[in-house]
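Novice: Have a look at the structure that comes next, please.
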Amino acid sequence: MMLSPDQTEADLCWPQSDPETLLNGLKSASCGSDEPTEGEDRPKCKADQPLSREEKRRRRRATAKYRSAHATRERIRVEAFNVAFAELRKLLPTLPPDKKLSKIEILRLAICYISYLNHVLDV
């Protein structure tokens, strides 16, 4: 297709701007002829076959709504994780008391502190 200087990009675009509609159109176009092949009652078309569980999951996860919901759940999870570490950090004695500790340092210090408290209780 040759482009002429008087054509705009809008003239060249597909009429369907929605990717899902475009994808469905391409799938239905790839089914081949409507004539059944030898030994078959109807044409073999991928769109006619039921989707596997994995393919359904892949398609559902590809939607913007699913990705947004997943990102929200992940943000909530990380926030809860950070709050839990902050609460644990408040319970641990350190010098200086406001010293910034990493998560691994908090866990190691908690293990040592629990061991120390067990030793105190045993004595």
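We did not get these values from a lab; they are worked out from the coordinates using the rules stated. Because the structure is a prediction, the values reported are computed rather than measured. Backbone-built Cβ (ideal geometry, glycine too); neighbour counts: all protein chains shown.
Novice: Using the beta-carbon distance between ASN118 and ALA71 and R0 = 35 Å, what value does 1/(1 + (r/R0)^6) give for FRET efficiency, to the nearest 0.05?
Specialist: The formula returns an efficiency of 0.25 here.
Novice: Shape of the stretch 60-123 from its Cα gyration tensor (a ≥ b ≥ c, root eigenvalues): rounded if a/c is under 1.5, otherwise prolate when a/b > b/c, or oblate?
Specialist: prolate
Novice: Ok, one more. How far apart, in nm, are the 7 Å Cα→Cβ label points at GLU54 and PHE85?
Specialist: Calculated label separation equals 3.5 nm.
Novice: Now a separate question. Between THR72, ILE104, SER52, whose Cα lies farthest towards the positive end of the dipole of the stretch 50-123 when Lys and Arg beta carbons carry +1 and Asp and Glu beta carbons carry -1, centred on the Cα centre?
Specialist: SER52
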